[in-house]
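Report on the structure given below.
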Amino acid sequence: MLFCRLLPTVFLLSTTVLGVLPAVAWGADAASGTGASTHAIASAGGTATTETGSVDSGAFLRGIIAARMGDDPEAAQAFAAALRSDPSSTVLLKQAFVHSVMAGDPQAEALALRLGKTSDGENLVSDFVLGNAAVGRDKWADALHHYQQAAADPLARLILPLLQAWCEEGQGEAARAVAGLLKSQTSVLSPFYVLHAGLVAHVGGLNDQTGELFARAQKLMPGYDLLLTRAYAAWLWNHGRQDNARELLRNLIEADPVLAVAGPELQATIARPPVTSAREGMARAYVLTAYLLRQQGHEQGGQTHAGKGDSAMQPQFDEAARLMLGFALEMDPKLADARLMLAEIQEDQGHEAVARETLLHIAHDDPLAPVATLRLAILDSATDKADEAVALLRGLDRQSPDQLLVLRELGNALFQQKDWKGAIAVYSRAIDLVAKQKGEDWPLLLMRAMAYHEIGDWPHARDDARAALAYAPDEPLLLNFLGYSMVERHENLAEAENLLRKAHNLAPQEAAITDSLGWAKVERGDMQGGLPLLEKAVESTPEDPEVNYHLGEAYWRLGRHIEAVDQWNVALGLHPSEEDAKLIRAALHRAGAPVPDGVASETVRKGEHEQ
């Protein structure tokens, strides 16, 4: 992430947060779980009977679909409509409430009050909603009262010192707020408490303490934190220590290639403190909480008590993180850090269009706007919008030339456009930049090798592949690309087979590598060694036209002509590339078999993997 390098395992997701997330955003799962027991949908667009009454099933279904699509505003409205037809349904109340919170809908406060009166009682999320609403009215004491209602929750116990401190600062009690945060030194979040103490001191005008607290937080943080660095750099700058401020910010930028994209903008706004009000400070506290939830989800997904990852938990952690980011944006709608993390979650959940809209809401004059542009470009590339990605990346390249990450993504986008010469030119710039930095980057060499391969410049492709292999001699993708390309040209087949055998030993489950090794053996006349590998490859990837062609060729050379023709016809029906289609048609013609016309082509070929 952009703002934090500390990765503590601090808590398990609290039961109250889970309790207020009724299979949110999983649509059919909601209907098959708790929702199904209370909502027997009679017919779409009509009504359904429930344990408590009847529900507008059309609105309920709209809510499920909107939740599945990541459209929180529509989901909030739909579930609210369903709730109006069955006001006593706790399940519908929770659905309407959670989506209203995520959408920033004003009705969330009223729903929180209703939820507090149900048999489920108070919960963390409704307490936060009511507290935030009080903050919006500058009722700091009321806000603190609501936040403290959730004090028994393990998640609340971590964030409560921050919320309490900012409520106290909002009441003009900055010194008290700082003292309270500094008492919480036994918590795993103590570095962040010290950081927020410095932010509170700055907002509250405690100039003598601000710099000292930032320096103290810096010693406690392993690595670089964006919020701390920007806040401390601004303090140094505004206290006549411009050289120290520049060095501090420069070290952060050099350590993070993503932030390097925004380097000029961060330097240009170095004197601007990132937090100037209690509301903005609370927004940062919620972003921190979202980050911790997301990290906890990753850790839970990677390792459970049984020793296996529990990926089923990740969506729930992400939903809880989205709630916290919604709170952050309620406090500070312009907070780019929150929108960047929110877009990342939305993209992970498969809501690319929603993620794009989230990124587009980041102001053009925000210091992190170039990071948002980069994320947009990567998102466009991943969703087959290469033209849009290239336009965005060229703009970034003009604004801040010689950024390795930008050049890499631009080269990849041009490669996706099949602008091979353009991709080669950009990859070459990136490779030269790596050389100037005395580094090594085998993926760049491989991508340029592939681009050279596409324009028929095999000598340059081979040189790049060998250079990449010198950096990564045990990389199966490299070994496969070089070995298979040599087989294609009948160049040093013995070496090619050795390369491919090594690749296969390193990645025995990769069907493309299995096919390459089998084909190398067939080309060398080892039919008995090659055939089982080719059959295994076809079994693993039955829809790959090139693999099917290879198996057909092996059958033909073994005298199994009927099977060969059948395999070639299968290959021709799988939309091969134009080059492969010519080989398959030639094989069918050689066999005297009918050759069908009008087979579409595609560009997916062995070795063309995105980096």
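The values are calculated or read from the model by the stated rules, or taken from the named source; none is laboratory data. Owing to the predicted nature of the structure, the values given are computational and were not obtained by experimental measurement. So basically every Cβ, Gly included, is an ideal-geometry build from the backbone, and we count neighbours across all protein chains shown. Ligands, DNA and RNA are stripped out before the accessible areas are found, and what is left, the full protein with its side chains, is counted by its heavy atoms. Shrake-Rupley method; radii C 1.70, N 1.55, O 1.52, S 1.80 Å.
Every condition in (1) over 24 Å from MET324 (Cα atoms); (2) assigned to a helix (DSSP H, G or I) holds for ARG272 except the one numbered (2). Quick one: in segment 51-94, of everything that is open to solvent by 70 Å² or more (accessible area, probe 1.4 Å) and of a type in the set (Lys, Arg), which residue is modelled with the highest pLDDT? Among residues in segment 51-94 that are open to solvent by 70 Å² or more (accessible area, probe 1.4 Å) and of a type in the set (Lys, Arg), the one modelled with the highest pLDDT is ARG62. Across segment 370-401, the number of residues qualifying as small (Gly, Ala, Ser) and buried (at least 18 other Cβ atoms within 10 Å of the Cβ) comes to 5.
If you go through segment 99-156 and keep only what is within 31 Å of the chain's Cα centre (by Cα), in a loop (DSSP other than H, G, I, E, B) and without any contact (Cβ under 8 Å) to a residue 60 or more places away in the chain, you end up with ASP105, PRO106. In the set (1) in contact with a Phe, Trp or Tyr (Cβ under 7 Å, 6 or more places away or on another chain); (2) open to solvent by 30 Å² or more (accessible area, probe 1.4 Å), SER516 fails one condition alone, (2). Restricted to segment 424-536, the set of helices (runs of 4 or more DSSP H) holding at least 2 residues that are of a type in the set (D, E, K, R) comprises 442-454, 458-471, 493-506, 511-523.
With respect to the conditions (1) within 29 Å of the chain's Cα centre (by Cα); (2) surrounded by fewer than 21 Cβ atoms within 10 Å (Cβ to Cβ); (3) at pLDDT 95 or above, GLY411 lacks only one, and its number is (2).
LEU477 meets all of the listed conditions (1) open to solvent by 20 Å² or more (accessible area, probe 1.4 Å); (2) touching a Leu at 6+ places or on another chain (Cβ under 8 Å); (3) without any contact (Cβ under 8 Å) to a residue 60 or more places away in the chain but one, namely (3).
Residue count for segment 523-544 satisfying the condition of being of a type in the set (Gly, Ala, Ser) and open to solvent by 20 Å² or more (accessible area, probe 1.4 Å): 3.
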